[in-house]
Amino acid sequence: MTGLGDSGRIPGMSLNRIVVLTLATAAAACAQLPTQKILTLEVAQQIAQEALAKCRADGYKVSVTVVDHANMLKAFLRDDGSNNVTVEVGRMKTNFVMAYGRASAPPANAVPGQMPPAAGTIYAMGGVPIKVGDQLLGAVSVSGAPGGDKDAVCANAGLAKVADKLK
């Protein structure tokens, strides 16, 4: 006995039903939720610590801010002796990165002294996107070195430390 009826069909199942069930199962498998990489606390802390270490080695007292994909604070370090304004400016740099998806800096056509159109952002260098491929995982900013270009060097040093984990 094979379990097949006299006509070679599974009892109660027509070929049409089998095809429909097979297609529905295949469609459900293709309709899975997309996967997304996230910035873990451990990686955020490593970025912040390495950025701070680079600035300390260069003699700068800075604040380092790391945010996740939702622009929520993930890690923050304020070095002894860093100015209070570094806290606010660092957050404005990460806000810029998350609003525009690129490193914080004025565009080539910016008028000197012009503020960016998005509230809570700043045209100062030192905010850098944290990406895996084209996916924006978050941002790191450094504030307090004597020039945004030096802030950016420290932020990029933090990213270089975890480059193997951002693949």
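The values are calculated or read from the model by the stated rules, or taken from the named source; none is laboratory data. A quick note: this is a predicted structure, and the numbers were derived from the prediction, not measured. Quick reminder, even Gly has a Cβ in these numbers, built from the backbone with ideal geometry, and neighbours come from all protein chains shown.
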- [ ] All but one of (1) modelled with pLDDT of 80 or more; (2) farther than 25 Å from Gly147 by Cα hold for Thr25, so report the exception by its number.
- [x] (1)
TODO: State yes or no: is Lys37 of a type outside the set (Val, Ile, Thr), assigned to a loop (DSSP other than H, G, I, E, B) and at pLDDT 80 or above?
DONE: yes
Open item on the list: Out of everything in the stretch 86-130 that is in contact with a strand residue (DSSP E or B) (Cβ under 7 Å, 6 or more places away or on another chain) and of a type in the set (S, T, N, Q), what residue ends up being farthest from Lys74 (Cα to Cα)?
Closed with: Ser104
TODO: With the checklist (1) modelled with pLDDT under 95; (2) under 26 Å from the mean Cα position of the chain (by Cα) in hand, flag the one item Lys74 doesn't pass.
DONE: (1)
TODO: Starting from residues that are modelled with pLDDT under 95 and of a type in the set (A, V, I, L, M), keep the ones in the stretch 85-121 and report whichever is nearest to Val62 (Cα to Cα).
DONE: Ala105
Task: Single residue of Asp164, Asp151 found to be under 12 Å from Val64 (Cβ atoms) and over 13 Å from the mean Cα position of the chain (by Cα) - done: Asp151
Task: Matching residues, the stretch 64-118, being closer than 21 Å to Lys150 by Cα, touching a residue at least 60 places away in the same chain (Cβ under 8 Å) and surrounded by fewer than 22 Cβ atoms within 10 Å (Cβ to Cβ) - done: Asp79, Ser82, Asn83
